[in-house]
1. Which order do peptides 179-186, 396-403, 245-252 fall in by mean Cβ count within 10 Å, highest first?
2. Could you give the angle, 0 to 90 degrees to the nearest 10, between helix 90-100's Cα long axis and the longest principal axis of the Cα atoms of the chain?
3. In whole Å, what is the distance between the alpha-carbon centres of segment 164-236 and segment 288-318?
4. I need the peptides 158-165, 405-412, 341-348 ranked by packing, meaning the mean over residues of other C-beta atoms within 10 angstrom, with the highest value on top.
5. Pop a pseudo-label 7 angstrom from the Cα along the beta-carbon direction at both VAL392 and ASP448 and give the gap in nm to one decimal.
6. In terms of modelled amide H atoms, which long-range or inter-chain residues lie less than 5 Å from the amide H of GLU62?
7. Work out how much length ARG231 to ALA420 would gain on full extension: take 0.36 nm times their residue separation and subtract the Cα-Cα distance, in nm to one decimal.
8. Could you please report the charge total around ALA171, scoring K, R as +1 and D, E as -1 over all other residues with beta-carbon less than 12 angstrom from its beta-carbon?
Amino acid sequence: MSDNLYDLLASRFPADRNRPCFILSDGSEISYGVLEAGVARIAGLLIAKGVTPGDRVAVQTEKSPEAVMLYLATLKCGAIFLPLNTAYTEAEIEYFLTDAEPALFVRDAIALAAEAADAPPLTHTVVRDAGDLASIIYTSGTTGRCKGAMLSHGNLADNALTLHRIWGFTADDVLLHALPIFHVHGLFVALHCAFLSGAPMVWLPRFADAEVLEGLKRATVMMGVPTFYTRLLANPGFTQAAATHMRLFICGSAPLLPSTFAEFELRTGQRILERYGMSEAVIITSNPLEGERIAGSVGYPLPGVELRIAGGETGVIEIKGPSVFGGYWRNPRKTKEEFAADGYFITGDVGHQDADGRVWISGRAKDLIISGGYNVYPKEIELLMDEMEGIVESAVIGVPHPDFGEAVVAVVIAAGNGSAEDEAALIAAARQTLAAFKAPKRVFFVGDLPRNAMGKVRKNLLRERFKGTFG
Ligand code: AMP
């Protein structure tokens, strides 16, 4: 029997292939039958172009149903799918192509699908073992050089089956899909849950308030990053009534502020389900579908995931489990560095697990600040500052300091005008609650925080910008 992920997904497509897979903004639909036929033709074309099992197919293309067909076609012909962020520059692309040596690089999935219109379809799916690679995901690179996380058919299948089950997906669901598909969230988590349910997706090329509000009338589940939720809340058209058709709002890829969680509940009566994941393991923990979803916690390890905290109560999260990747592409040194001797993957996220088993994340290990020899976890200060009158959001970083090594600096989006008095007042307020070494030494006011496509604050850019603060 083959462990090709495409076989598993296709086995769950609806028996009636006329059922919709994609519901587009203009109201038109693309059926599962059309998807399946498109996949077979594109797979045939890939083979005609010389792609063989184990080859990489690199893709940098706009989001479209054809791009999804190309993903599935790559699986079907036994090749390895390598999606690239549409924001990458030519110089970055050059690095990925040199590193991954793809047999084919596709920049326009729609043109490729058109070219495949006359291709002889591939009628069978190429046999793959669970351990064979399905995809290489270059990690988003908010810190350091990008590495290609190697995910197997088994990694992806296991995670998809678990999520489909624990989030209660059925054929009656309609998934609102507004995420990019070059990242694990939109590509694996969202698509696989829909395919395993044989469910349709309200398919949006990107997050746009008006289209999302329209889509919510038909959808039952939305998967989003925190910025989707803050943008919805900023729109007066997003009311309790606008959310009544929805059974589940899922959030991840970056920390969801407790204030967003609370405001969302107040507005809609629904509690966002936050989960935690990464390119190297897809989803790792989730708040429960049934049972309490707690703001600020990313929930429990998924069934089958072993999770431990290294070195004390709060420390680096390490994991083992069926979805954990096999290593970094052609990078045995990095792979060795990031796995413990007993096989646990060192995630680089810092957190703790409470008595109940829930996981709480306090930030990335690389963002840890060491000031005067003391460890400062930015999240602790951010949570406090976000609660302060007039602060919309904060990002806390460490910058070089002649006495302390590093000093704590807060970069904030604030309602006020950002005067020197405002800064002094915020620092004084922080000192009332925090030990002096944790309180920010400076507060900078900004209109916006730099973020990547998944909504993660790019702290490396902030560190660069404010590195000269103390001389
Ligand atoms: P990526 O590999 O690009 O998906 O980034 C993975 C990283 O995103 C994780 O290592 C975390 O630092 C962060 N992340 C993902 N989900 C969450 C979450 N719910 N809360 C906090 N951080 C998260």
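1. Per-residue Cβ counts within 10 Å, averaged per peptide and sorted highest first, yield 179-186, 245-252, 396-403.
2. 60 degrees
3. 24 Å
4. My ranking of the peptides, most packed first, is 405-412, 158-165, 341-348.
5. 1.0 nm
6. ALA109
7. Additional length available on full extension: 65.1 nm.
8. Working: positive: ARG12, ARG19; negative: ASP16, ASP172, ASP173.
Surrounding charge for ALA171 is -1.
Bear in mind these aren't lab numbers, they're just calculated from the coordinates by the rules spelled out. The structure presented is a predicted model; accordingly, all values stated were derived computationally and were not measured. Don't worry about glycine lacking a Cβ; one is built from the backbone with ideal geometry, like all the others, and counts go over all protein chains shown.
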